[in-house]
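A.B. asks: Take a look at this one; I'll ask things after.
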């Protein structure tokens, strides 16, 4: 049977490489939150938001609902308080705090998070309604809850944001990157987002740490709400680097809006692929001018002109049978 | 030991919030399909398409293949009929049907799906072949089957579409959003897609509910086949809102094609980042005109002109050593 | 109880469809690597790179670290050598080798991979540092390790590349498509990538098989480093089809750089959405000219001009209260 040949040498080199402490999660010193437990607690919280819907969920009954939810909350408390304690202890170590009352503070913080759940549930109900209204392909409120990535992303964002504003290290970003992994929607937990938020399709959406988004905002796939490049002077840690989106704004696929001083006024519409680094008035629609596309056909040296078109198929023609300009 | 402080108050508020029934999956009333079981059945169907290849798969032997597949189909039937029954019962409840023969109808529908599997397998074989031919980085047919996201996405789409056309609520979208989550490719189960379909890379692709796609179509990452915005009058639920793509069309990365009356004629090629809201003739190639990029260098107030270029490295020069225009 | 009606007919048709051998992983003939085992080995290797951080990880102690790592390496060897053997045997079958010493060669190759781990760890430490420096939203080195998709993607790429250069079939792409699935970042294992590599956000990034990327390169979401279309003569399997990116280059979101002869000179910056198919000098910044966006408002027939702007909100105005041009 073949054997592992170089174990002692490799092991020695690896142990030397660990000696600087970079990228090692030690139970003495750093004892960072456990990824698996942090995700389990998140799945339980998702189940509290939408009882019976979560990934591993079974439906609940009217009579067992109080027990089920009470049990989930107890589990969340026990599991998450331990991980938040680890995160706080890590934060104390980073900032070299003289005193670190991490276990007591962790319990308080998770109690606060649990106390926010009824309010957060009312918020995510508005998000579900926005998903149903905003997508003509949706068949019911329940289909939105059970399958839409936007709902997974916004619920996880709303929970992560509560820990972010309470300055819990690590866990908010662990949650948001989990959402990013399963939905393709990357919402930094530091962003603020109003009610009735919906992201259609969602893959590739990026919402930066200091974004401020109002109520009834709808985004499509590939929208970036980001920071300007350093040369333009906006990447200082902690400053507002990302845009403000006022109420009732719609931003179509692939649009990019950059900069901490950029404000998209309420009821504005930003067209697909638009690139904006300055503010837009309320009620304004911003679109790219139509590009002068080139239409080429084999055997032609010049681009195709509209006059070259015949009617090749019914679908390509007007009702009266004349050809349609491409 | 720290304790959960606010459980009774929070629980009471949550129970009040559940009272309106929004986002609660109850075993009385709504008893919606179970996400985990629905995914397990899908993985079994994937194993029937490509025996021995599925995520949890082990290879099969010539002698055990009939038993293995027979067993998988039996499991699919038992598991999926129960979930389809739940989905149909939910549909009846939504439409307030006088009679809902959900258990009998569910068994019929899953039998129909199983009956389609040989035809679907022939289709997905053409998709695998298209992936192998369409990607110069592919090393073998088996590599395409075992690793390409396009194959996961199209197999799941083809299965989901069978339940979609049979008007099963919820499950088609649960399957397609699962595929979206693991591949970044978002194909609405309502779309129709011909044989030999391939999506290269795939992340960010969106194919809307009423798309009609022919045979031998190849897409690249970030392509949207979508609907026009409401102001342009095309978002009525149920209408054809998404484009028609005829046979042998190639659509490069980032292109956006919108609208239910937009037809891309057969053998057309749509270039990267092109934005189209009207039809294109067969055999036409549509490209963006080359943008007048600005080339800036430090210490210059004006953009760099081609005359400013020296030959900095062999790779940047023509064979005769003269500089190459950027 | 409803029953499966059409099992014998369907089974017969499926067995006939398997007879051509396409898409069947047989223990006789093809016995391809097991996806689950291949992923487990990868998770173990991730744990060796960053002990205690991996998805299922618990922290390690100073005293158990040598045993933990030694044990992980032994597991990797035992599990992965078996799967590499399957992959090599498959490769022999494809190329109809006269002799296939797959078990001995597999052990050698996995020993070589294990021997590279200390060097790879030093590389990925530079990647972590690049992630921390490159993202103003990052709070600590540990946050980058524990949550950033870029780190998952680059570690998996660096491991997959070692098997790619040793010509192991199937497994490099299985690993890279696993990374693609969980991060949205698609790095072909054939690419070469220098130290201190960082991809911010990452969803939609595509890096082709023959890319050559230098040190200290930073990409943003949606960047494609791809091949030109066949018509332009560059898709021959095995040729250099993808660009060269020299040291210290930054490429912003949505930029597309194509072609095997395209070289982006060191210290260049490529702006968002730029489309490039030719080389760029060192130190050059390439940007799109500002598009002439149209600003429309309800009730107007003409586009909005800057003169139409009032100051609707403090955020939209200069400090002196005058309105700001959109």
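The values are calculated or read from the model by the stated rules, or taken from the named source; none is laboratory data. The model shown is predicted, which means the values in this text are computed figures rather than measured ones. So basically every Cβ, Gly included, is an ideal-geometry build from the backbone, and we count neighbours across all protein chains shown.
A.B. asks: Report the residue count in the stretch C:26-58 for those that are over 19 Å from the mean Cα position of the chain (by Cα), more than 14 Å from chain A (Cβ to nearest Cβ) and touching a residue at least 60 places away in the same chain (Cβ under 8 Å).
C.D. replies: 4
A.B. asks: Tell me which helices (runs of 4 or more DSSP H) are completely within the stretch B:1-102 and hold 3 or more residues being under 21 Å from residue C:30 (Cα atoms), or say none if there are none.
C.D. replies: B:35-49, B:65-95
A.B. asks: Let me ask you something else. Go through the stretch B:274-294 residue by residue and tally those that are more than 18 Å from residue C:254 (Cα to Cα), under 22 Å from the mean Cα position of the chain (by Cα) and in a loop (DSSP other than H, G, I, E, B).
C.D. replies: Going through the stretch B:274-294 one residue at a time, the tally reaches 1.
A.B. asks: Which members of the stretch A:94-108 meet the condition of being crowded, with 16+ Cβ neighbours inside 10 Å and more than 9 Å from chain B (Cβ to nearest Cβ)?
C.D. replies: Correct list: A:100, A:102, A:105.
A.B. asks: Suppose we keep only residues that are modelled with pLDDT of 90 or more and touching a helix residue (DSSP H, G or I) at 6+ places or on another chain (Cβ under 8 Å) within the stretch C:1-15. Which one would you say is nearest to the other protein chains (Cβ to nearest Cβ)? Even if it seems obvious, please write down each step before you answer.
C.D. replies: Initial filter on the stretch C:1-15 (modelled with pLDDT of 90 or more): C:7-15.
After this cut, where a residue has to be touching a helix residue (DSSP H, G or I) at 6+ places or on another chain (Cβ under 8 Å) as well, the list is C:7, C:9-11, C:13-15.
Values: C:7: 6, C:9: 8, C:10: 6, C:11: 6, C:13: 4, C:14: 5, C:15: 6 Å.
By that ranking, first place goes to C:13.
A.B. asks: Which residue is farthest from residue C:179 (Cα to Cα), if the candidates are limited to the stretch B:158-169 and must be surrounded by fewer than 24 Cβ atoms within 10 Å (Cβ to Cβ) and without any contact (Cβ under 8 Å) to a residue 60 or more places away in the chain?
C.D. replies: It comes out as B:166.
This table checks each residue for (1) at pLDDT 95 or above; (2) buried (at least 24 other Cβ atoms within 10 Å of the Cβ); (3) in contact with a helix residue (DSSP H, G or I) (Cβ under 7 Å, 6 or more places away or on another chain).
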position	(1), (2), (3)
A:195	yes, no, yes
A:199	yes, yes, yes
A:211	yes, yes, no
A:225	yes, yes, no
A:235	no, no, no
A:239	no, no, no
A:262	yes, no, no
A:269	yes, no, no
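A.B. asks: Also, I was wondering about something else. Return the residue satisfying two criteria in turn: it lies in the stretch B:236-261 and is touching a residue at least 12 places away in the same chain (Cβ under 8 Å) and within 9 Å of chain A (Cβ to nearest Cβ), and of such residues it is nearest to residue C:272 (Cα to Cα).
C.D. replies: The qualifying residue nearest to residue C:272 (Cα to Cα) is B:254.
A.B. asks: If you take just the strands (runs of 3 or more DSSP E) that sit entirely in the stretch C:191-273, which of them hold at least 1 residues that are more than 26 Å from residue A:176 (Cα to Cα)? So that I can check it myself, show each step before the final result.
C.D. replies: Working: elements: C:198-200, C:218-220, C:224-226, C:256-258.
Answer list for the stretch C:191-273: C:224-226, C:256-258.
A.B. asks: Could you pull out the residue among A:176, A:150 that is modelled with pLDDT of 95 or more, crowded, with 24+ Cβ neighbours inside 10 Å and over 22 Å from residue C:153 (Cα atoms)?
C.D. replies: Going through A:176, A:150 in turn, the sole match is A:150.
A.B. asks: Out of the stretch C:109-133, which residues are surrounded by fewer than 20 Cβ atoms within 10 Å (Cβ to Cβ) and either closer than 30 Å to residue A:225 by Cβ or facing chain A (nearest Cβ under 8 Å) (or both)?
C.D. replies: C:111, C:115, C:118, C:122, C:126, C:129, C:132, C:133
A.B. asks: How many residues, within the stretch C:69-78, are more than 9 Å from chain A (Cβ to nearest Cβ) and buried (at least 18 other Cβ atoms within 10 Å of the Cβ)? Walk me through how you get there before you give the answer.
C.D. replies: Here is the first cut: in the stretch C:69-78, the ones more than 9 Å from chain A (Cβ to nearest Cβ) are C:71-72, C:75.
Filter again for buried (at least 18 other Cβ atoms within 10 Å of the Cβ), leaving C:72.
Total meeting the criteria: 1.
A.B. asks: Let me ask something additional. Could you please give the count of residues in the stretch C:134-156 that are touching a strand residue (DSSP E or B) at 6+ places or on another chain (Cβ under 7 Å) and within 14 Å of chain B (Cβ to nearest Cβ)?
C.D. replies: Within the stretch C:134-156, residues that are touching a strand residue (DSSP E or B) at 6+ places or on another chain (Cβ under 7 Å) and within 14 Å of chain B (Cβ to nearest Cβ) number 1.
A.B. asks: Give A:313, A:319 a once-over and let me know the one that is at pLDDT below 95 and within 8 Å of another protein chain (Cβ to nearest Cβ).
C.D. replies: Being at pLDDT below 95 and within 8 Å of another protein chain (Cβ to nearest Cβ) holds for just one of A:313, A:319, which is A:313.
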